[in-house]
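Read the structure below first, then the notes.
All of the numbers you see were taken from the coordinates with simple rules; none came from a lab. Everything numeric in this text was worked out from a predicted model, so none of it was measured. Backbone-built Cβ (ideal geometry, glycine too); neighbour counts: all protein chains shown.
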Amino acid sequence: MFTRLASLLKAFFNSIMGKMEDPEMMLEQTYQDLQNNLIQVRQAVAQAIATEKQLEQQYRKNADQAQTWHNRATMAVQQGNDDLARQALQRKQQYTQAANDLETQLKAQKEATNTLRQRLTELEGEVQKAYTKKQVLIARDKAAQATTKANEILSKSSADGALSVMDKMEQKVLERESKAAALAELGSDQLDKKFKSFEGQVDIEAELMMLKGSSGGSQKLIAGESAKAKEPVLVEANDTVDIEDIKESEKE
């Protein structure tokens, strides 16, 4: 049981490692990390802009208050109330100092915001380039995988190998055809074939006997005619016989 569990864990670990080394997965993960960084930088820029606006509002508010207390001090002087004028000037000084401090912070914040904005623009360009490169690399990786698979298939099977297999199959088909023909011949009616062969021989023998019979009759007829030709020719005393006619008769 423990061996089986160890094998399963090993297979699971190898599967994870294989996926981690997969180029497409690595590219997607890297691009996702860049996207997350881009989101964080955008949030930082937004926060910097908000802080800049707040400092600007506070600066303007303190500057306005300093101007207001300056005007009040002027009014107190005009009325001849120096103590009230002093108090107004003290308050003006407080707001002026706060405005100066805020102005310094605002200047620093604007520089930081500009830097973040520039970094955001650069990062957006990098992310766009990364996306394009990711797509190209994934396409190249898929093409490489397809080419590798095709080459593996071609290395395992060739036209010569296929033709060799076809030749072997042709030989097997011929063997099966021969076997089928032999079984068909064994399964036919041999007795019927023998009788047909015998009947053919009988017909030949009968025709031969007929030929022999015809030949014998012809010979008898010729023999009879020869016998007649050899019979003596009787000639009466008063008949005149030509010797040449006799010779011709003997020849016939």
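Only counting other Cβ atoms within 10 Å, I'd like Asp141, Asp82 sorted with the fewest neighbours first.
Asp82, Asp141
Any idea what the dipole of region 8-157 comes to, in debye rounded to 20, about its Cα centre with Lys/Arg Cβ at +1 and Asp/Glu Cβ at -1?
In total the dipole reaches around 180 debye.
With only alpha-carbon atoms in the gyration tensor, what are the semi-axes of the equivalent ellipsoid for region 8-157, in Å, largest first?
Semi-axes (√(5λ), whole Å): 69, 15, 7.
Among Val45, Val127, what is the fewest-to-most ranking by other Cβ atoms within 10 Å?
Lowest count first: Val127, Val45.
How much net charge surrounds Trp69 when only other residues with a Cβ under 14 Å from its Cβ are counted (Lys, Arg +1; Asp, Glu -1)?
On the way: positive: Lys61, Arg72, Arg86, Arg91, Lys92; negative: Asp64.
So the surrounding residues net to +4.
If each residue of separation counts as 0.36 nm, what is the full-extension length gain between Lys179 and Ser214 once their alpha-carbon separation is subtracted? Intermediate results must be reported in sequence, preceding the final value.
Details: separation 35, 0.36 × 35 = 12.60 nm, distance 5.05 nm.
Once the chain is fully extended between Lys179 and Ser214, it gains 7.5 nm.
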